[in-house]
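Asker: The structure is given below, and queries will be raised subsequently.
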Amino acid sequence: MPNTRSNAPRGALVFDMRSLSRQAGSARALHLTVPAPEDLRLELAGVPVGASVELDLRFEAVAEGILVTGSATAPLAGECARCLAPLASTVTASFTELYLYDQHDKHERHKEHEERDDDERYLDGDLLDLEPAFRDAVVLALPMSPLCRDDCPGLCVECGVPLADAGPGHRHEAAPDPRWAALRQIDDQATRQPGRRAGAIDLQEG
């Protein structure tokens, strides 16, 4: 009979499957709240560490192992990708994972570790560690470019003020071309000195 005990630390997302007795067809449903683990985030948004995550889970014993289906709903915090304003929302992720029974002892598990498919998940005795599957599902559900609102106009490219606060009339005068400024300066000087120009013409005629 395989050893069903493990010295691995029990976390909030580790579940004991002994109640299913490895009998195909037996099932168990859970609704619970757990604290969010670290690093559930992308560049602009993520789930705060320790935030309350609502889980709806169903564990079902099948021939190969334990099939887990469920969903997770967590608070989302970050900043708008257009105007950089702080935002708060929620994210919901769904997942379905098969955890295979491990019938080998620890020495054999270590020996065969590199031969396993990286996508396969295994029970540790009767313990099912849901955190890797939960983490993958939540991170994939996070928005890469979160918005404070769908029609956020972003920031003014000239002064950086949020356009939603500045209003539709916000604009800047175009900067004058320095070449035109030099020509205007020459014209202004000519306008201020009409007598000198007329005198120079008279001398040339005389």
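Bear in mind these aren't lab numbers, they're just calculated from the coordinates by the rules spelled out. Worth saying up front: this structure is predicted, and the values here are computed from it rather than measured. Here the Cβ positions follow ideal geometry from the backbone for every residue, glycine too, while neighbour counts run over all protein chains shown.
Asker: So if the hydrodynamic radius of the stretch 14-141 is defined as the Kirkwood radius over C-alpha pairs, what does Stokes-Einstein give as its diffusion coefficient at 37 °C and 0.692 mPa s, in µm² per second?
Answerer: For the chosen part, D equals 203 µm²/s.
Asker: Using modelled amide H (1.01 Å from N, peptide plane; none on Pro or chain starts), what sits under 5 Å from the amide H of L87, excluding residues fewer than 5 places away?
Answerer: G78, E79, C80
Asker: Quick one: what does P(r) look like for the stretch 19-79 with 10 Å bins over all Cα pairs, in whole %?
Answerer: That works out to 22, 35, 25, 16, 3, in percent per bin.
Asker: Let me ask you something else. State the antiparallel share, in %, of DSSP beta bridges confined to the stretch 14-141, rounding to the nearest 5. Walk me through the numbers on the way to the answer.
Answerer: Values: 39 of 41 bridges.
Taking every DSSP beta bridge within the stretch 14-141, about 95 percent pair in antiparallel fashion.
Asker: Multiply the residue gap between R28 and D16 by 0.36 nm, knock off their C-alpha separation, and tell me the result in nm, one decimal place. Display every interim value, and only then the final one.
Answerer: On the way: separation 12, 0.36 × 12 = 4.32 nm, distance 1.11 nm.
This chain segment gains 3.2 nm when fully extended.
Asker: Taking θ = phi - 60°, what integer Hz values does the Karplus form 6.51 cos²θ - 1.76 cosθ + 1.60 yield along the stretch 40-45, in sequence order, with x for Gly and Pro?
Answerer: 8, 7, 10, 5, 10, 8
Asker: Once both labels are modelled 7 Å past Cα along the beta-carbon direction, what's the S52-D119 spacing in nm?
Answerer: 3.7
Asker: Please list, in order along the stretch 20-27, the HN-Hα scalar couplings obtained from phi with the Karplus expression 6.51 cos²θ - 1.76 cosθ + 1.60 (θ = phi - 60°), rounded to whole Hz, x for Gly and Pro.
Answerer: 7, 6, 6, 9, 4, x, 6, 9
Asker: Moving on to the next point. Could you give each residue of the stretch 46-58 its phi-based ³J(HN,Hα) in whole Hz, using Karplus coefficients 6.51, -1.76, 1.60 with θ = phi - 60°, and x for Gly or Pro?
Answerer: So the J values, rounded to whole Hz, are x, 9, x, 4, x, 5, 6, 10, 8, 10, 10, 10, 9.
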